[in-house]
Amino acid sequence: MERFSQSFIFTTKEVPKSAEAQSHILALRAGLLFMVSAGIYSYLPLGYKALRKVEAIIRKGMDRYGAQELFMSALQPIEMWTKTGRDKDLEEVMIRFKDRKQRQLCLGPTHEELITEIVKRYISSYKQLPLILYQIQSKFRDEPRPRYGLIRSCEFIMKDAYSFDADQEGLRQSYEKMHSAYQDIFKECGLKFIMAEADPGAMGGSLSHEFMVPARIGEDILFACPSCGKYFKKEGACPRCKKALREEKMIEVGHIFQLGTKYSIAQEAFFLNQRGKRLPFIMGCYGIGVSRVIAAIIETNCDEKGISWPKEVAPYDAILLVLEDKLTSEALSVATNLEKNQGLAILVDDRGVSAGVKFNDALLLGIPYILAMGKNYMSSKKIDVERRKTREKLTCTPQELVRFFQDEYSR
């Protein structure tokens, strides 16, 4: 339980001039982010709580399929990248510099090269395979045109995973595991997503798939069939039902690749198979744009009043509005009881501002349940309850409120 009056939460009515996307506007207005510069953001406490919820869902999904978490350095020597030639492929977006010893370094835009160096140091036998390692870490890219807030920024948070297998069948199985994990993760985050086969691009490899969220804004395009509901990468009539396709904008939130031996051969990362033969690791890589997931959730879960967080990723479970100063102690008691008995995180709005301001801020912040204790509470002992997403309203006593949340969270 936290008190709004003592929390580092600041809202504004002003729409930032530089913000184009609704998710960007609302994230700044609701005090989730502080804009340091174009494409560079700091997460404020409210935004960081939502970020940690998303990260927890990702960790649960990855751990369920046997992936192990590590944390790699953002600083990387350029020599590591020259082995694969990607110092040239990513030259335009790679942030490079020299240290005081004149060593050429970069801030990692991705980590395929480094993970390969790590694994080749410790894994030498087929008996140690298969292996999937992952991290959640900041990446850095010198974007020529940062836009849409967290959707395209210069510093962003990514979950990147890497699989190492002895053969192609092992890679297929690892790829299927991550495909399943991604579906679990995006569903739990409350996202409706599309999976489409994609071009591996600079990552290399033989096969890749993108996970995309239909949205009003987005830098990717898919073509949807209004009849059968299928999505395609290229325009033309639907190959199934011959209907004309419509263009839909997408936010890419995840991408998985079958890399094969591109990196292991270039970096001389080998293991010994059952016959003692020296072979290169068969690799895959699997990325989730964690920052983009936050933006995609807001973009697809909002209305004219503000954000409407899915329960699983909301910074708080409920906000309790105290509409009479004399009810503050009662409100704190109710919130403490909900926290103790239901494990809920409650934000108590005990500020000395008008009821209108409190309701408007509650709608803007998008916390799933809005509770209000007004002047009639002392006589009726009734608390007004509103579901943020549906705007459905009801009243409950404190005892009934406990049962209400039991029902809501058991669904």
Any residue in region 356-378 that's charged (D, E, K, R): show its pairings with residues that are surrounded by 21 or more Cβ atoms within 10 Å (Cβ to Cβ) and at pLDDT 95 or above at Cβ separation under 6 Å, as long as the two are six or more apart or on different chains. LYS358/LEU321; LYS358/ASP349
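Go through region 249-307 and count every residue that is in a loop (DSSP other than H, G, I, E, B) and under 30 Å from GLU188 (Cα atoms). Break it down into steps so the answer makes sense when it comes.
Let us first name the residues in region 249-307 that are in a loop (DSSP other than H, G, I, E, B), namely 261, 267-269, 273-277, 281, 301, 304-305.
In the following step, the residues that additionally are under 30 Å from GLU188 (Cα atoms) were identified as 301, 304-305.
Matching residues across region 249-307 total 3.
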Pairs needed: first member in region 195-211, within 20 Å of ILE282 (Cβ to Cβ) and assigned to a loop (DSSP other than H, G, I, E, B); second member anywhere, among the aromatic types (Phe, Trp, Tyr) and at pLDDT 85 or above; C-beta distance under 6 Å; at least 6 residues apart or different chains. PRO200/PHE257; GLY205/PHE257
Do you know which residues across region 259-280 are within 28 Å of ALA181 (Cα to Cα) and in contact with a Lys or Arg (Cβ under 8 Å, 6 or more places away or on another chain)? SER264, ALA269, PHE270, PHE271
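Checking the condition without any contact (Cβ under 8 Å) to a residue 40 or more places away in the chain and within 30 Å of LYS262 (Cβ to Cβ), which residue from LEU70, LEU44, LEU75, LEU90 passes? Lay out the reasoning, then the answer.
Values: LEU70 fails: without any contact (Cβ under 8 Å) to a residue 40 or more places away in the chain; LEU44 fails: within 30 Å of LYS262 (Cβ to Cβ); LEU90 fails: without any contact (Cβ under 8 Å) to a residue 40 or more places away in the chain.
When all the criteria are applied, what remains is LEU75.
So is VAL353 free of Cβ contacts under 8 Å to residues at least 60 places away in the same chain and of a type in the set (A, V, I, L, M, F, W, C) or not? Explain how you work it out, then say what you get.
Details: free of Cβ contacts under 8 Å to residues at least 60 places away in the same chain: yes; of a type in the set (A, V, I, L, M, F, W, C): yes.
Yes, satisfied.
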Pull out all pairs, ordered by first then second residue, where Cβ-Cβ is under 6 Å, the residues are six or more apart or on different chains, the first lies in region 310-336 and is in contact (Cβ under 8 Å) with a residue 40 or more places away in the chain and assigned to a strand (DSSP E or B), and the second is surrounded by fewer than 17 Cβ atoms within 10 Å (Cβ to Cβ) and not basic (Lys, Arg). VAL322/THR328
Which residues, taken from region 58-69, are under 14 Å from the mean Cα position of the chain (by Cα) and either of a type in the set (Asp, Glu) or crowded, with 21+ Cβ neighbours inside 10 Å (or both)? ILE58, GLY61, MET62
Tabulated pairs, region 154-173, first farther than 28 Å from ARG292 by Cβ and in a strand (DSSP E or B), second among the basic types (Lys, Arg) and modelled with pLDDT of 95 or more, C-beta under 6 angstrom, 6+ apart or interchain: none
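Do you know which residues across region 337-371 are part of a loop (DSSP other than H, G, I, E, B) and over 19 Å from LEU32 (Cβ atoms)?
Initially, region 337-371 is screened for residues part of a loop (DSSP other than H, G, I, E, B), giving 343-345, 350-354, 366-368.
Matches in region 337-371: GLY343, LEU344, ASP350, GLY352, VAL353, SER354.
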Are any of the residues in region 318-333 in the same structural domain as LEU394 (by TED's automatic domain parsing), closer than 21 Å to LEU51 by Cβ, touching a Gly at 6+ places or on another chain (Cβ under 8 Å) and surrounded by fewer than 21 Cβ atoms within 10 Å (Cβ to Cβ)? no
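So if I check each of PRO77, PRO45, which one is under 18 Å from the mean Cα position of the chain (by Cα) and either surrounded by 13 or more Cβ atoms within 10 Å (Cβ to Cβ) or within 30 Å of TYR316 (Cβ to Cβ) (or both)?
After ruling out the rest, the residue left standing is PRO45.
The values are calculated or read from the model by the stated rules, or taken from the named source; none is laboratory data. All values derive from a computational prediction rather than experimental measurement. Note that each Cβ is placed from the backbone with ideal geometry, even for glycine, and that neighbours are counted across all protein chains shown.
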